[in-house]
1. Given S35, S76, S99, which one is assigned to a strand (DSSP E or B), farther than 16 Å from K146 by Cα and of a type in the set (S, T, Y)?
2. Can you give me the number of residues within segment 1-37 that are closer than 18 Å to G118 by Cα and without any contact (Cβ under 8 Å) to a residue 24 or more places away in the chain?
3. Is there a residue in segment 19-35 that is under 21 Å from G134 (Cβ atoms) and open to solvent by less than 50 Å² (accessible area, probe 1.4 Å)?
4. Suppose the filter is among the acidic types (D, E) and at pLDDT below 90; does E136 pass it?
5. May I ask you to list the residues in segment 107-121 that are in contact with a strand residue (DSSP E or B) (Cβ under 8 Å, 6 or more places away or on another chain), outside any strand (DSSP E or B) and loosely packed, with under 15 Cβ neighbours inside 10 Å?
6. Regarding segment 4-17, can at least one residue be identified that is under 20 Å from E136 (Cα atoms) and either assigned to a strand (DSSP E or B) or more than 26 Å from the chain's Cα centre (by Cα) (or both)?
7. Is one or more of the residues making up segment 145-154 at pLDDT 90 or above, under 14 Å from N19 (Cα atoms), crowded, with 16+ Cβ neighbours inside 10 Å and within 15 Å of the chain's Cα centre (by Cα)?
8. What is the one condition in (1) exposed (fewer than 15 other Cβ atoms within 10 Å of the Cβ); (2) not in a strand (DSSP E or B) that A58 does not satisfy?
Amino acid sequence: MAYAEKVLQPGETIAYRGNLHWVIYLTGLVLSLASLALLGGALAVQGQALRNGLLAGALIGLVVGLARMCDAWFKSMTTEIIVTNRRVIYKTGFISRNSIEMNLDKIESVLVQQGILGRMLDYGTLIIRGVGSGIEPVTNLAEPLKFHQYVNASAA
């Protein structure tokens with residue numbers, strides 16, 4: 001059972017569940033593909049010293065790339081951002097959990113920041129500001145305008 005389901009109040013229902021965009025895997029994927037290119041170069045080169053250097057670079061790139069992808073996957077699995085019919089819930093972390101909950105009637109504004117690539121791939125940063133405080137920026141959120149729409153529809 002996810003965190004949001006555990007903290008729902010009687011009569012409260014989930015209206016929308018946001019998630020992180022696949023772009024969080026991009027750094028690890030690029031490093032892994034670059035290591036495959038180094039491996040191909042190592043197989044094609046004649047000198048033993050250069051081959052060993054390229055193989056070492058490929059191994060390091062592959063390990064770092066896979067570690068970055070595992071880190072992104074773990075972050076994706078341990079992050080929840082939910083709109084219910086009463087509040088917005090944002091939770092991060094696994095062992096050390098950080099959660100922020102804001103009632104919909106306390107929300108003053110919802111900001112969506114998207115760059116050019118974010119608009120093309122439909123991801124961005126979401127910032128929710130409320131009376132007295134706000135929810136920390138949620139970066140790389142998939143479909144941030146849809147999330148914004150659900151917050152406004154639920155608050156009305």
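The values are calculated or read from the model by the stated rules, or taken from the named source; none is laboratory data. Computed from a predicted structure; not experimentally measured. Please note: Cβ atoms are built from the backbone with ideal geometry, for glycine as well, and neighbour counts cover all protein chains shown. Side chains are part of the model used for accessible areas, which takes the heavy atoms of the whole protein and leaves out ligands, DNA and RNA. Shrake-Rupley method; radii C 1.70, N 1.55, O 1.52, S 1.80 Å.
1. Being assigned to a strand (DSSP E or B), farther than 16 Å from K146 by Cα and of a type in the set (S, T, Y) holds for just one of S35, S76, S99, which is S99.
2. Of the residues in segment 1-37, 1 are closer than 18 Å to G118 by Cα and without any contact (Cβ under 8 Å) to a residue 24 or more places away in the chain.
3. Taking every residue of segment 19-35 in turn, at least one turns out to be under 21 Å from G134 (Cβ atoms) and open to solvent by less than 50 Å² (accessible area, probe 1.4 Å).
4. Details: among the acidic types (D, E): yes; at pLDDT below 90: yes.
When the stated conditions are applied, E136 passes them.
5. Of segment 107-121, the ones in contact with a strand residue (DSSP E or B) (Cβ under 8 Å, 6 or more places away or on another chain) are 107-115, 118.
From what is left, the residues that are outside any strand (DSSP E or B) are 114-115, 118.
Result: G115, single match.
6. yes
7. There is at least one residue in segment 145-154 that is at pLDDT 90 or above, under 14 Å from N19 (Cα atoms), crowded, with 16+ Cβ neighbours inside 10 Å and within 15 Å of the chain's Cα centre (by Cα).
8. Condition (1) is where A58 drops out.
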